[in-house]
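Each remark here refers to the structure printed beneath this line.
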Amino acid sequence: MAERSIPLIDHRHHSARPTVPAHAAVPDGLLADRRGRPLRDLRISVTDRCNFRCSYCMPKEVFDKQHRFLPHSELLSFEEITRLARLFTLHGVKKLRLTGGEPLLRKGLEQLIEQLAELRTPDGEPLDITLTTNASLLARKAAALQAAGLKRVTVSLDALDDAVFRRMNDVDFPVADVLAGIEAAVAVGLAPIKVNMVVKRGVNDQEIVPMARFFRDNFAGKVVLRFIEYMDVGITNGWRMDEVLPSAQVVERIHAVFPLRALDPTQIGETAERWGYVDNAAGEQREIGVISSVTNAFCGDCNRARLSTEGKLYLCLFASRGHDLRSLLRDAAGYTDAQIAAAIGLVWQGRDDRYSELRGSAAGEAAAAAKVEMSYIGG
Ligand code: SF4
């Protein structure tokens, strides 16, 4: 087998078995971690596979032909995912985001969405079910996803310039097909749609204003473009600070052409800083967002947990250890819902993660050495 240039830590073997408390207290939805942060948002990776090879997430030289993806038997079944999602709602989760890899590669995803759409919070409210996709299959699947109960969708698009985009996804995939996916999603009512652009200085930062112009002039405000600072996720993307373009400069560049004004967050724990266009007509909602994990960390009210494709719970995007919930689901002991919910609660109560606040410090360096890959737990 060819020598790999970049080491990859196989997180499939780096996890702890959660403790099942002797007395499983009934969840009261008031769960908080060691920093007082509630649990509101569960990101569920439904596959570790992707048909793109974006260099900042799944570099081709690591995730090459020899890379062994998880066999189907290792993945959580739709029933197991739905059972876990239901238990997380008992602890306060109100939003589910389906991610990957590329979630639309998971066969029958509509069936999972149907199952999740039947779930209710303890107050009887439906969950906010959304999905992050590279849109390569969205034009074909938008109607079925919406009919299954999907509410919204986030699309990754790193450039409008076809040559730049093809280089960044590293599989020669055209911009036109991603835009066709966005149009299909708008047409079936999966709005507002968020489009995420990862900005890498010297690679696609020249696309910032063209992207802003395109999405402010098309889709009648139904698409919100967000600019994401290039992050040191995992250990394979060769991240360097000098390739990060701070969000403040992104806003400056757009403001110079299309004046912006700051908008208030829509909810606690929102990752994006919102900016509206000054020339919006009355009632018009055209805006952009910036997500600044590197230059303006937002760990203070981070209420997000992540579930890997085979059932490991991660408490931070930059975590280096997971908690193996699948081992409880599939244990011959037949743990009850109350026991597994209590085990989830115990894990969250012990959470102290704040990697983005620690980045660059000694503690941050120590944590950085074995970070999980974003393609494994979803963005
Ligand atoms: S670095 Fe971790 S704790 Fe901080 S906002 Fe991101 S996921 Fe949350």
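Just the residues that are surrounded by 11 or more Cβ atoms within 10 Å (Cβ to Cβ) and charged (D, E, K, R), please, taken from segment 255-265. Across segment 255-265, the qualifying residue is only ARG261. Kindly indicate the residue of segment 351-379 that is part of a loop (DSSP other than H, G, I, E, B) and either open to solvent by 50 Å² or more (accessible area, probe 1.4 Å) or farther than 27 Å from LYS60 by Cβ (or both) and also farthest from the ligand (Cβ to nearest atom) among those meeting that condition. Selected residue: ALA369.
Considering only residues that are free of Cβ contacts under 8 Å to residues at least 60 places away in the same chain, buried (at least 20 other Cβ atoms within 10 Å of the Cβ) and under 26 Å from ALA369 (Cα atoms), which ones fall in segment 223-243? Scanning segment 223-243 gives no hits.
In the set (1) surrounded by 13 or more Cβ atoms within 10 Å (Cβ to Cβ); (2) away from the ligand (no atom under 14 Å from the Cβ), GLY283 fails one condition alone, (1).
Hey, can you tell me all the residues within segment 69-83 that are of a type in the set (A, V, I, L, M), over 18 Å from the mean Cα position of the chain (by Cα) and in a helix (DSSP H, G or I)? Result: no residue meets the conditions. Between ASP158, ASP128, the distinction of being surrounded by fewer than 16 Cβ atoms within 10 Å (Cβ to Cβ) and either over 20 Å from LYS222 (Cβ atoms) or free of Cβ contacts under 8 Å to residues at least 40 places away in the same chain (or both) belongs to ASP128 only. Condition test on ALA191, is it out of contact with any His (no Cβ under 9 Å at 6 or more places or on another chain), under 19 Å from LEU263 (Cβ atoms) and assigned to a loop (DSSP other than H, G, I, E, B)? Against the criterion (out of contact with any His (no Cβ under 9 Å at 6 or more places or on another chain), under 19 Å from LEU263 (Cβ atoms) and assigned to a loop (DSSP other than H, G, I, E, B)), ALA191 qualifies. For segment 295-334, filtering for residues that are within 16 Å of the ligand (Cβ to nearest atom), aliphatic (A, V, I, L, M) and assigned to a loop (DSSP other than H, G, I, E, B) leaves 4.
Yes or no, residue by residue, for (1) of a type in the set (Val, Ile, Thr); (2) crowded, with 22+ Cβ neighbours inside 10 Å:
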{"position": "PHE298", "(1), (2)": "no, no"}
{"position": "CYS302", "(1), (2)": "no, yes"}
{"position": "ARG321", "(1), (2)": "no, no"}
{"position": "ASP337", "(1), (2)": "no, no"}
{"position": "ILE344", "(1), (2)": "yes, yes"}
{"position": "GLN349", "(1), (2)": "no, no"}
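With respect to the conditions (1) open to solvent by 60 Å² or more (accessible area, probe 1.4 Å); (2) more than 13 Å from the ligand (Cβ to nearest atom), ILE268 falls short on a single one, namely (2).
The values are calculated or read from the model by the stated rules, or taken from the named source; none is laboratory data. Treat the numbers as computed from the prediction; the structure is a model and nothing was measured. For neighbour counting, all protein chains shown are included, and Cβ atoms are generated from backbone atoms with ideal geometry for every residue, glycine included. To get the accessible areas, we keep the full protein, side chains included, count just its heavy atoms, and leave off ligands, DNA and RNA. Shrake-Rupley method; radii C 1.70, N 1.55, O 1.52, S 1.80 Å.
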